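K.L.:
One structure follows; several queries about it will come next.
The values are calculated or read from the model by the stated rules, or taken from the named source; none is laboratory data. Computed from a prediction, not measured in an experiment: that's the story for all the values here. So basically every Cβ, Gly included, is an ideal-geometry build from the backbone, and we count neighbours across all protein chains shown.
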Amino acid sequence: MKSSPSIHWFRQDLRLSDNPAFSAACDAGVVLPVYILDDDNAGPDRMGSASRWWLHQSLCALNADLGGKLRVFRGDPLEIIPTLIKASGADLVCWNRCYEPWRIARDTALKAGLEESGIAVQSCNGSLLWEPWDIKKGDGTPYKVFTPYFRRGCLSAPSPRIPLPAPGRFEAWSGSDHLGDVNVDDLGLMPAEDWHQQIARHWTPGEVGAAKRLDYFINRGLAGYKEGRNFPAQPHTSRLSAHLHWGEISPNQAWYAVCDIMDSGGLEVDADNFLSELGWREFSYSLLFHCPDLPRQNLQPKFDHFPWEQNVDHLSRWQNGQTGYPIVDAAMRELRQTGYMHNRLRMVVGSFLVKNLRLHWHQGEAWFWDCLVDADLASNSASWQWIAGCGADAAPYFRVFNPVTQGQKFDGDGSFTRHFLPELSELPAKYLFNPWEAPPEILAAAGVELGVTYPRPIVDVKLSREAALAAFASLRQAS
């Protein structure tokens, strides 16, 4: 075993088990484990507020798992990593690959510079089931439609890597205490306002919390997943997305835990549906890798000329859950209070923003980026392009989710909506999703005064849908 240390650079792999790069560093000998907050290279993709809150908690958990040996830095890795090599005498740097365009550019430059200096670099896949460049069509081009991507491409490719155990031995480098590192608190990740205290009640960031969340889902949420995942009041969503984004659990661990259920002869349909959701995550990363402008540019160029509206009041009302459409408002308040939104409702509120309000999907993507604990550049961009109709394998623009019928169908008893809209909690289910149609005596008995205790609708669903379709028709004619 060599005497010089190896640097393991934690990024979006904040765990010890099934961490290929961390295992490689441990196998090589003494390890200098580091995390670098890099706002310098991130540019417009700098983390939002909810993400920064989660990262703070996750780094604290990781540091505890490492026995307090994590060294934390803030700045440009292109400068910090070479400085650490010089100070420690490290001759190997290990990391797990990231796939955001800005990270690829940074990592490529860093790797080239280190290897030119005689420093070995080992990069691994610790975040995806399949590398984006490995899943292609027969003609060598990337897939742009999800179902063939997953069913034909992924499922016919070699199976995902079997998860690794945590290293049996970890010895932290015990050299200089003067490396320029800081405490996690010094990174300034915690929000200045106290809204995050509500979020904190709903999550346990860190590897232990991720493992418990997966176990809970398998035992209490997987049965009935195929249908139940559409109902926001039911426990049939995994809520693993933030843990997966931060790498507190690997997709391989989730994949094989569910495959074990299938192999035992149970829940085949539900398990297959969950695996396809992991596949959608992979598809999003494939799109981002092959279309690095995904967060900024419409994948369908004709939408570059779409007549989007500019309405600051409508955007603010949407952001704050004050649109007058209860299922939309309940979902937006769930987002603000928990840092999360149920997937079905993400589609409903997204459709309402880009079609009923005709506001640019960039505005929705930016709000989600700041408010979601699972904000992920690939998934966020691909999903907003999907709902806006301008992405790969997108929902047709003329598919407009009706917020009244969506509420009635997927929150029939109103338990989700009543929880996040207590001002409507006494309304009978018949009028919960369309309170403007309730007779005055029903509203009065429920303590609801439209325009005072709860807003009137900011747009008419039918008329705004017709306007959106007319705008789309003019776009097609121009094309």
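K.L.:
Just a yes or no: is a residue in region 43-64 part of a loop (DSSP other than H, G, I, E, B), over 25 Å from Gly339 (Cβ atoms) and not small (Gly, Ala, Ser)?
P.N.:
Among the residues of region 43-64, not one is part of a loop (DSSP other than H, G, I, E, B), over 25 Å from Gly339 (Cβ atoms) and not small (Gly, Ala, Ser), which makes the answer no.
K.L.:
I've got another one for you. Look at region 291-321 and say how many of its residues are aromatic (Phe, Trp, Tyr) and free of Cβ contacts under 8 Å to residues at least 60 places away in the same chain.
P.N.:
2
K.L.:
Of all residues in region 26-79, how many are among the aromatic types (Phe, Trp, Tyr) and within 28 Å of Glu334 (Cα to Cα)?
P.N.:
Qualifying residue count, region 26-79: 2.
K.L.:
Follow-up question, since we're still on this one. Is it the case, given these coordinates, that Gly414 is under 27 Å from the mean Cα position of the chain (by Cα), more than 19 Å from Asn343 (Cβ to Cβ) and modelled with pLDDT of 95 or more?
P.N.:
yes
K.L.:
Please go through region 245-257 and pick out each residue that is part of a helix (DSSP H, G or I) and closer than 14 Å to Leu275 by Cα.
P.N.:
Once the filter is applied, which keeps residues that are part of a helix (DSSP H, G or I) and closer than 14 Å to Leu275 by Cα, region 245-257 yields Pro251, Asn252, Gln253, Ala254, Trp255, Tyr256, Ala257.
K.L.:
Something else now. Test Asp313 against the criterion of being outside any loop (DSSP other than H, G, I, E, B) and in the same structural domain as Ala470 (by TED's automatic domain parsing), and give yes or no.
P.N.:
yes
K.L.:
Could you name every one of the helices (runs of 4 or more DSSP H) located completely within region 130-241 that has at least 3 residues being in contact (Cβ under 8 Å) with a residue 24 or more places away in the chain and surrounded by 18 or more Cβ atoms within 10 Å (Cβ to Cβ)?
P.N.:
207-220
K.L.:
Please pick out the residue among Asp18, Asp13 that is at pLDDT 95 or above, buried (at least 22 other Cβ atoms within 10 Å of the Cβ) and at positive phi.
P.N.:
Step by step, each of Asp18, Asp13 is checked, and only Asp18 is at pLDDT 95 or above, buried (at least 22 other Cβ atoms within 10 Å of the Cβ) and at positive phi.
K.L.:
May I ask you to verify whether Leu353 is under 15 Å from the mean Cα position of the chain (by Cα), on the phi < 0 side of the Ramachandran plot and modelled with pLDDT of 95 or more?
P.N.:
Answer is no for this residue.
K.L.:
Of everything in region 306-344 that's under 21 Å from Ser49 (Cβ atoms) and of a type in the set (A, V, I, L, M, F, W, C), which residue is surrounded by the most Cβ atoms within 10 Å (Cβ to Cβ)?
P.N.:
Ala331
K.L.:
Only residues that are under 17 Å from Ile104 (Cβ atoms) and part of a helix (DSSP H, G or I): list them for region 283-298, please.
P.N.:
Ser284, Tyr285, Ser286, Leu287, Leu288, Phe289, His290
K.L.:
May I pose another question? Take region 71-89 and flag every residue that is in a loop (DSSP other than H, G, I, E, B) and over 19 Å from Asp39 (Cα atoms).
P.N.:
Hit for region 71-89 is Gly89, nothing else.
K.L.:
Taking only pairs six or more apart or across chains, which ones have beta-carbon atoms under 7 Å, a first residue in region 9-29 that is more than 13 Å from Gly206 (Cα to Cα) and outside the structural domain of Glu79 (by TED's automatic domain parsing), and a second residue that is small (Gly, Ala, Ser) and modelled with pLDDT under 95?
P.N.:
That search, which allows pairs on different chains as well, returns nothing.
K.L.:
Please determine whether any residue of region 419-429 is surrounded by fewer than 22 Cβ atoms within 10 Å (Cβ to Cβ) and in contact with a strand residue (DSSP E or B) (Cβ under 6 Å, 6 or more places away or on another chain).
P.N.:
The answer is yes, given that some residue of region 419-429 is surrounded by fewer than 22 Cβ atoms within 10 Å (Cβ to Cβ) and in contact with a strand residue (DSSP E or B) (Cβ under 6 Å, 6 or more places away or on another chain).
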